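The values are calculated or read from the model by the stated rules, or taken from the named source; none is laboratory data. Here the structure is a predicted model, which is why all the values come from computation and not from measurement. Because the Cβ atoms are built from the backbone with ideal geometry, glycine has one as well, and the counts that use them run over all protein chains shown.
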Amino acid sequence: MDPWWKSAVVYQIYPRSFADADGDGVGDLRGIIGHLDHLAGLGVDVLWLSPVYPSPQDDNGYDISDYQDIDPLFGDLDVFDELLAGVHARGMRLIMDLVVNHSSDEHPWFLESRSGKASPKRDWYWWRPPREGMEPGAPGAEPTNWAAAFGGSAWEFDARTGEYYLHLFSRKQPDLNWENEQVREAVYTMMRWWLDRGVDGFRMDVINMISKDPALPDGRVSDRGVFPDGAAGYVNGPRVHEFLQEMHERVFAGRDAVLTVGEMPGVTIEEAVLFTDPRRRELDMVFQFDHVWADRGEDPWQLVPLKLTRLKAILGRWQAGLAERGWNSLYWNNHDQPRAVSRYGDDGPAHRVASAKMLGTVLHLHRGTPYVYQGEELGMTNHPFETIADFRDIEALGQYAEATRKEGRTPEEVLTVLRARGRDNARTPMQWDTSPHAGFTTGRPWLAVNPNHDRINAAAQYEDPDSVYHYYRRLIELRHTEPAVADGDFRMLLPHDERVYAFTRRLGATELLVLGNFTGTPVKPDLPDAPAWSSADLLLTNLAPPPPDLTLAPWQAVVYRRRVEG
């Protein structure tokens, strides 16, 4: 019997931006409780909750200072238990975001580790002396030349002990040393505690970075600046499979109902097969990034138009690569990505609704488990940020400083890219209604609400049967009722067509055809059997049914079903 999550749909909640019940301008758990019927009505099966643990909020909660509590910003454990009960009462599950590649520098583990070289927890983090012959703290004395994701060196000098600690992200996010068995057992104990509390699984942040090459080799010097990437020393490291198999044995064995998802920047298809092959007992699925980097060029400060053939080639490789073993996660949006309708669709008034529905159709009909990010089901768009002062994201602020001060980029050059690609686009408050601050809060929101909430909001879409929200309801229902959507094979059609995304799904005698027009003009797909398909059952379309030659209207999506022999 297939695992339950193969026919499930996951909905990601970014708590600080979802709903604020106490008026402090930051979303909270009680705000989520107040909108559970929105999610149940959508038909999703799983809620993924971005971090709500105690945190200094340097990286909006992805810097955790206590793994077994709730930050007062969001509520407390009693409110969390109330939320969990409400989720379960509506037939849904809840998975927690787990960040164990690194902790906060305010976590008691790190405070103890930092207290001195003789600390029993010194080896719980990556501490190293300066380079031989170099003055501690001097430029170039860092143990390696690795860059941090948010800018600068990946090493922070600690004057108290004269050594450096590793942080692949913010300096307030020191990396845990998974080579230390005590670290691993502490993490596993914490995970069991949450599962015993009733949580249904985990989404694991940058989990393929937990194993570092103990030699910590320098990264290859390139034209990217003083601090090269160094990814060869920490992405899919030498013991990562061993660690995940150990985690499965210590935490998940015997708990068949849980869901485990690993976020894995830089993962290859070959590695993903190993991570998700059920016989290896590691993870259920991984998040890869290839398709959300399809519109990026060599210069990170140049916007590159999407080539549909490139996107199809990427997703097609992942569909083929995990066809026999493993499983795909399917997403356009999350808290780290701009809004898909503004990125791969058309967010103008003429085509926003159609393109949002088309993107959802193409994604959800692939083989894998789809993820809906909050507001995606409304067709929410990127925010019209004006200046760098409008941004809150630590990554955007760090990149802006690096690019303008050290790389000589003009502010407008950098802002043009941040407006299109910045993570804050996904983090603007959820648009519930037309009231001030979109019904998100009665206070001042931590990040400005998109001014288009007077046109794009949940309340208006509940009343409109042709809204993006109700289309997503039908899309999710199709996954639940048509077995070929979850279990059918995948065959890419028209791989060289820059306008139409086309593929089939087949399970036994049932075959589905999926077409999506990625342009603002009508397109007639070059399908030799178009007349036969036009007489098949039309399961779903976001616009009027196409004519017999299957000419698609701008941004149209269609899903047909027919019986086949053999």
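Here are a few things to note about the model shown:
- Qualifying residue in the range 10-19 (condition: in a loop (DSSP other than H, G, I, E, B), in contact (Cβ under 8 Å) with a residue 24 or more places away in the chain and among the basic types (Lys, Arg)): no
- Restricting the range 465-484 to residues that are aromatic (Phe, Trp, Tyr) and within 25 Å of Thr510 (Cβ to Cβ), the residue that is farthest from the chain's Cα centre (by Cα) is Tyr471.
- Selection from the range 131-171 of residues that are closer than 24 Å to Val187 by Cα and either buried (at least 21 other Cβ atoms within 10 Å of the Cβ) or assigned by TED's automatic domain parsing to the domain that holds Pro56 (or both): Ala154, Trp155, Tyr164, Tyr165, Leu166, His167, Leu168, Phe169, Ser170
- From Ala544, Ala553, Ala509, Ala532, residue being among the aliphatic types (A, V, I, L, M), modelled with pLDDT under 95 and not assigned by TED's automatic domain parsing to the domain that holds Ala340: Ala532
- Test: residue in the range 511-529 that is surrounded by fewer than 18 Cβ atoms within 10 Å (Cβ to Cβ) and hydrophobic (A, V, I, L, M, F, W, C): no
- Answer from Val183, Val206 - the residue that is over 22 Å from the mean Cα position of the chain (by Cα), among the hydrophobic types (A, V, I, L, M, F, W, C) and under 24 Å from Phe275 (Cβ atoms): Val183
- Residue count for the range 240-250 satisfying the condition of being under 24 Å from the mean Cα position of the chain (by Cα) and touching a residue at least 40 places away in the same chain (Cβ under 8 Å): 3.
- Selection within the range 278-306 - surrounded by fewer than 17 Cβ atoms within 10 Å (Cβ to Cβ), touching a helix residue (DSSP H, G or I) at 6+ places or on another chain (Cβ under 9 Å) and not aromatic (Phe, Trp, Tyr): Arg280, Arg281, Arg296, Pro300, Gln302, Leu303, Leu306
Residues checked against (1) in contact with a strand residue (DSSP E or B) (Cβ under 9 Å, 6 or more places away or on another chain); (2) of a type in the set (S, T, N, Q); (3) crowded, with 16+ Cβ neighbours inside 10 Å:
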| residue | (1), (2), (3) |
| --- | --- |
| Pro15 | yes, no, yes |
| Asp28 | no, no, yes |
| Pro54 | no, no, yes |
| Gln68 | no, yes, no |
| Pro72 | no, no, no |
| Glu82 | no, no, no |
| Val100 | yes, no, yes |
| Leu111 | no, no, no |
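- Condition check for Ala420: small (Gly, Ala, Ser), farther than 17 Å from Arg16 by Cβ and modelled with pLDDT of 90 or more: yes
- Every pair of residues 6+ apart whose Cβ atoms lie under 8 Å, when the first sits in the range 191-211 and is within 15 Å of Leu77 (Cα to Cα) while the second is in a loop (DSSP other than H, G, I, E, B): Trp193/Gln68; Trp194/Gln68; Leu195/Arg255; Leu195/Val258
- Checking Gly41, Gly91 one by one, the residue that is at positive phi and surrounded by fewer than 20 Cβ atoms within 10 Å (Cβ to Cβ) is Gly91 and no other.
- Put simply, of Arg421, Arg491, Arg427 the only residue that is out of contact with any helix residue (DSSP H, G or I) (no Cβ under 6 Å at 6 or more places or on another chain) and assigned by TED's automatic domain parsing to the domain that holds Glu395 is Arg421.
- Within the range 530-561, if we keep just the residues that are among the hydroxyl-bearing types (Ser, Thr, Tyr) and crowded, with 17+ Cβ neighbours inside 10 Å, the residue that is nearest to Gly516 (Cα to Cα) turns out to be Thr541.
- For Ile95, the conditions (1) among the hydrophobic types (A, V, I, L, M, F, W, C); (2) outside any loop (DSSP other than H, G, I, E, B); (3) closer than 24 Å to Ala448 by Cα all hold with the exception of (3).
- Residue selection: Arg279 fails the criterion of being in contact (Cβ under 8 Å) with a residue 60 or more places away in the chain, of a type in the set (D, E, K, R) and either in contact with a Gly (Cβ under 9 Å, 6 or more places away or on another chain) or over 18 Å from Phe169 (Cα atoms) (or both).
- Residues being of a type in the set (A, V, I, L, M, F, W, C) and surrounded by fewer than 19 Cβ atoms within 10 Å (Cβ to Cβ) - total across the range 448-468: 3
- Against the test of being out of contact with any Pro (no Cβ under 9 Å at 6 or more places or on another chain), hydroxyl-bearing (Ser, Thr, Tyr), under 16 Å from Val362 (Cβ atoms) and not assigned by TED's automatic domain parsing to the domain that holds Leu315, the options Thr519, Thr504 yield a single qualifying residue, Thr504.
- Test result for Gly86, free of Cβ contacts under 8 Å to residues at least 60 places away in the same chain, under 25 Å from the mean Cα position of the chain (by Cα), surrounded by fewer than 20 Cβ atoms within 10 Å (Cβ to Cβ) and in a helix (DSSP H, G or I): yes
- Elements of the type helices (runs of 4 or more DSSP H) sitting completely within the range 297-410 and holding at least 3 residues that are free of Cβ contacts under 8 Å to residues at least 12 places away in the same chain: these cover 394-405.
- Checked against the criterion of being buried (at least 16 other Cβ atoms within 10 Å of the Cβ), basic (Lys, Arg) and more than 21 Å from Val251 (Cβ to Cβ), the candidates Lys117, Lys121 yield just one match: Lys121.
- Breaking point among (1) in a helix (DSSP H, G or I); (2) in contact with a Pro (Cβ under 9 Å, 6 or more places away or on another chain), for Gly41: (2)
- Of all residues in the range 224-279 being among the basic types (Lys, Arg) and in a helix (DSSP H, G or I), the one that is farthest from Arg192 (Cα to Cα): Arg279
- Odd one out for Arg122, checked against (1) of a type in the set (Lys, Arg); (2) more than 21 Å from Ser104 (Cα to Cα); (3) within 33 Å of the chain's Cα centre (by Cα): (2)
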